[in-house]
Amino acid sequence: MELPVIDLQPYLDPSSSSGDDEMKRVCSEVSRTLSETGALLVKDPRCSAQDNDRFIDMMEKYFEQPDEVKRLQERPNLHYQVGVTPEGVEVPRSLVDEEMQKKLKSLPKECQPLTPTGPDPKWRYMWRVGPRPSTTRFQELNSEPVIPEGFPEWKETMDTWGSKMIAAIEAVAEMAAIGFGLPKDAFTSIMKQGPHLLAPTGSNLQRHGKEGTVFAGYHYDLNFLTIHGRSRFPGLSIWLRNGKKVEVKVPVGCLLIQTGKQIEWLTAGDCIAGMHEVVVTKRTTDAIKAASEENRSLWRVSSTLFSHIASDAVLKPLGHFSQSPLADKYPPICAGEFVEQELSVINLKGNKGEL
Ligand SMILES: O=C(O)CCC(=O)C(=O)O
Ligand SMILES: [Fe+2]
């Protein structure tokens with residue numbers, strides 16, 4: 001199935017659009033697609049393929065460093081919410097969540113995810129983007145950034161790409177709110193000063209390039225909406241709401257948006273957090289072959305950004321979603337508290353794998 005690509009240009013510049021009705025139609029398409037598929041491809045004129053390339057070039061250089069050099073940026077005491085997360089730390093939810101295991105076994109064989117056997121063999125870097133709250137009950141989620149040595153361009157590259165992707169998410173969040181019949185700023189007003197994270201994964205395809213290797217086991221993202229620029233190596237598959245598995249192809253210059261658990265909360269399950277996994281597939285091994293021949297890096301870098309609801313804001317079904325028959329499943333909870341609970345399940349905050 002091809003996911004539609006939504007061009008954000010007419011929304012960003014209404015003078016170039018063909019009127020209010022057309023705008024409303026596109027906003028409905030955004031909310032409907034998020035709710036039916038959990039994913040959306042967008043094109044934002046502010047986020048160019050060159051910006052994405054510059055970011056990936058720098059991250060390849062970072063991940064290519066020896067492990068002990070990268071480990072200098074490791075901050076387990078801050079729940080890995082800044083700096084590097086080495087391979088073998090993050091646990092895919094499907095490994096520890098029995099309910100999820102039951103659910104995935106009920107999927108038709110061809111749609112079942114690969115079974116992860118342990119923590120993910122991917123590295124990750126977490127970089128906070130955007131203003132931080134001056135006071136918060138959740139200090140660790142809003143910590144000072146960590147900058148690796150030897151990368152004078154680090155801050156500028158991360159902040160530029162990060163804020164461009166946040167701008168794209170904000171446009172989509174406004175369009176989705178309009179499409180859902182909520183005030184335009186229903187989501188963006190509670191995203192302000194959220195602990196948004198530019199969180200690229202780095203996977204060593206030289207060491208782990210065998211077809212079937214699971215880099216990121218079947219999971220959902222715990223944040224609001226996730227946005228990915230294009231990776232140089234395919235491998236990400238998503239599950240549509242109807243249980244169908246789709247290998248994602250992000251066209252050049254486009255961005256992929258996925259629903260996280262926080263939008264599920266705010267819409268009382270009208271959107272559900274999109275399930276996904278990253279696995280070395282035939283398309284990945286083809287890309288590995290091509291990269292080796294051209295002497296390019298064999299680190300697979302994802303261009304992932306997790307947008308969040310502000311830690312001190314309350315997650316609860318918004319507007320008419322509070323009347324939904326499913327609203328009871330989504331009781332009010334402080335976003336920061338919710339994030340801390342979820343982080344402990346995936347082993348980023350102490351007590352490994354407890355639900
Ligand atoms: O590596 C990727 O492409 C995405 C990884 C992922 O799902 C995540 O970081 O949550
Ligand atoms: Fe994910």
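Here are some notes:
- Within region 178-223, the set of residues being among the hydrophobic types (A, V, I, L, M, F, W, C) and under 17 Å from Asp120 (Cβ atoms) comprises Leu197, Ala199, Leu205, Val214, Phe215, Ala216, Leu222.
- Pick from region 199-208, criterion more than 18 Å from Arg93 (Cβ to Cβ) and not charged (D, E, K, R), ranking: farthest from ligand 1 (Cβ to nearest atom): Gln206
- The residues of region 282-309 that are out of contact with any His (no Cβ under 9 Å at 6 or more places or on another chain), closer than 30 Å to Asn142 by Cβ and among the β-branched types (Val, Ile, Thr), listed by number, are Val301, Ile309.
- Neighbours by Cβ (under 6 Å, 6+ apart or cross-chain): first from region 234-252, closer than 14 Å to Val214 by Cα; second in a strand (DSSP E or B) and among the basic types (Lys, Arg): Ser237/Lys245
- Residue within region 279-295 that is hydrophobic (A, V, I, L, M, F, W, C), modelled with pLDDT of 95 or more, touching a Leu at 6+ places or on another chain (Cβ under 7 Å) and away from ligand 2 (no atom under 16 Å from the Cβ) present: yes
- The condition of being among the β-branched types (Val, Ile, Thr) and over 13 Å from Ile257 (Cα atoms) holds for only one of Val30, Val42, Val26, that being Val26.
- Matching strands (runs of 3 or more DSSP E) fully within region 209-297 where at least 1 residues are surrounded by 23 or more Cβ atoms within 10 Å (Cβ to Cβ), among the hydrophobic types (A, V, I, L, M, F, W, C) and within 16 Å of ligand 1 (Cβ to nearest atom): 214-219, 225-229, 236-239, 255-259, 276-279
- Residue in region 10-28 that is of a type in the set (A, V, I, L, M, F, W, C) and part of a strand (DSSP E or B) present: no
- Residues satisfying the criterion are present in region 9-26 (criterion: touching a residue at least 40 places away in the same chain (Cβ under 8 Å) and of a type in the set (D, E, K, R)).
- Considering residues of region 209-264 that are within 14 Å of ligand 2 (Cβ to nearest atom) and among the hydroxyl-bearing types (Ser, Thr, Tyr) only, the residue farthest from Pro332 (Cα to Cα): Ser231
- Taking the listed residues Asn52, Asn77, the one that is in contact with a Gly (Cβ under 8 Å, 6 or more places away or on another chain) and not hydroxyl-bearing (Ser, Thr, Tyr) is Asn52, with no other qualifying.
- Among residues of region 190-208 being part of a strand (DSSP E or B) and not hydrophobic (A, V, I, L, M, F, W, C), the one that is farthest from ligand 2 (Cβ to nearest atom) is Asn204.
The values are calculated or read from the model by the stated rules, or taken from the named source; none is laboratory data. Fair warning: this is a prediction, and the values are worked out from it, not measured in the lab. So basically every Cβ, Gly included, is an ideal-geometry build from the backbone, and we count neighbours across all protein chains shown.
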